[in-house]
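Asks: Here you go, one structure.
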Amino acid sequence: MTIYFSALIQGILWGIMGMGLYISFRILRFTDLTSEASFTIGAAASVMFASQGMHPILVLVVSILFGMLAGLVTGLLTTLFDIPDLLASIITMTGLYSVNLQIMGRPNASYRGSETIYSLIASLIEDINYQRLFIGLLISLILILALQFFFRTDLGQAMIATGDNPKMAQSIGIKTKSMTCLALMIANGLIALAGALISQDNSFTDISMGTGTVVIALASIVIGELLLSKQVTLFVRLISIVLGAIIYRLILVFVLQLGLNPNDFKLISALVLAVFLALPKFRYFLPHSLQRKGQA
């Protein structure tokens, strides 16, 4: 059961990345692949500054700032130079690979001998797994409450309007280019925070650790949406993303426990996401009598 408990904890941390991608993918409706690089840059900044003795909380703040800068680059590419969102994010992602290498100085680095956010509460909670669980739940709750408050403000509503209908938003005086940049900064800042927390949880950072992370974040969003009806509050939807990430991680652990090759982990991740994306379509293949029972 220890492996499932660890998967639950990892799911909570991955849910933070899901929240970040939700802002760009659902609210802004922006296809952003910068997230793979901003995830890594958050982890790279975390291990570098932690090794230099910086306070763990400041390490997380700096990691968020690095991620926000990554999002800003993509935002400027698409708003100032009219580069399509997907291409702009690919350009940023490609360039940040070298930046991440420069930050770490080598392809991978360890937290050995460095203080992390988890070690801050070691005197209060002795068990490392419960330290991880407490930190994950605490940060997730803070972020959910902060995002709920933000998107109720005029600035947050302007960001939502930009994603819903940019032309109409411009007609009522909203600076859609600024909103796009700000949304991408917030999204990638959260993703970088997830990268920092997960790298500290793993006790190391690797230059390729961001590869495929978009799949995990998308799975969190998709599974969370399947758990809910369409008319729910943002607070509930953000919680569902965390729950979706937990379910996704538990499914992966269960599948690997069946004896499949761990080298196929990325393939399994993609297949699980594909299945959940296809689930809403399955109802069209059900007999009408079963559909009526489900609606009843």
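The values are calculated or read from the model by the stated rules, or taken from the named source; none is laboratory data. The structure presented is a predicted model; accordingly, all values stated were derived computationally and were not measured. Note: ideal-geometry Cβ built from the backbone for every residue, glycine included; neighbour counts use all protein chains shown. Areas reflect the complete protein model, heavy atoms only, side chains present, ligands, DNA and RNA absent. Shrake-Rupley method; radii C 1.70, N 1.55, O 1.52, S 1.80 Å.
Asks: Return the residue satisfying two criteria in turn: it lies in region 245-296 and is among the hydrophobic types (A, V, I, L, M, F, W, C), modelled with pLDDT under 80 and over 25 Å from Thr2 (Cα atoms), and of such residues it is surrounded by the fewest Cβ atoms within 10 Å (Cβ to Cβ).
Replies: Ala296
Asks: Go through (1) polar (S, T, N, Q); (2) at pLDDT below 95; (3) crowded, with 17+ Cβ neighbours inside 10 Å one by one and return the number of the condition Ser6 breaks.
Replies: (3)
Asks: In region 32-72, what residues are within 14 Å of the chain's Cα centre (by Cα) and open to solvent by 20 Å² or more (accessible area, probe 1.4 Å)?
Replies: If the condition is that a residue be within 14 Å of the chain's Cα centre (by Cα) and open to solvent by 20 Å² or more (accessible area, probe 1.4 Å), then Leu33, Glu36, Ile64, Met68 are the ones that fit.
Asks: Sort out which residues of region 164-180 are part of a helix (DSSP H, G or I) and surrounded by fewer than 21 Cβ atoms within 10 Å (Cβ to Cβ), and write them in order of number.
Replies: Asp164, Pro166, Lys167, Met168, Ala169, Gln170, Ser171, Thr176, Lys177, Ser178
Asks: In addition: Anything in region 208-226 that is open to solvent by 10 Å² or more (accessible area, probe 1.4 Å), in a helix (DSSP H, G or I) and in contact with an Asp or Glu (Cβ under 8 Å, 6 or more places away or on another chain)? List them, or say none.
Replies: Val214, the sole residue that qualifies.
Asks: Let me ask something else. With (1) part of a helix (DSSP H, G or I); (2) modelled with pLDDT of 95 or more as the list, and Ile83 as the residue in question, which single condition is left unmet?
Replies: The single condition Ile83 does not satisfy is (1).
Asks: While we're looking at this one, here's another question. Assess whether Leu190 counts as being open to solvent by 10 Å² or more (accessible area, probe 1.4 Å), free of Cβ contacts under 8 Å to residues at least 24 places away in the same chain and within 21 Å of Tyr248 (Cα to Cα).
Replies: Here the answer is no, as Leu190 does not meet what is asked.
Asks: For region 86-139, name all the residues that are open to solvent by 90 Å² or more (accessible area, probe 1.4 Å), under 12 Å from Ala44 (Cα atoms) and outside any helix (DSSP H, G or I).
Replies: Within region 86-139, Arg106 is the sole residue that qualifies.
Asks: Ok, one more. Going residue by residue through region 144-154, is there one that turns out to be open to solvent by less than 10 Å² (accessible area, probe 1.4 Å), at pLDDT 95 or above and among the hydroxyl-bearing types (Ser, Thr, Tyr)?
Replies: no
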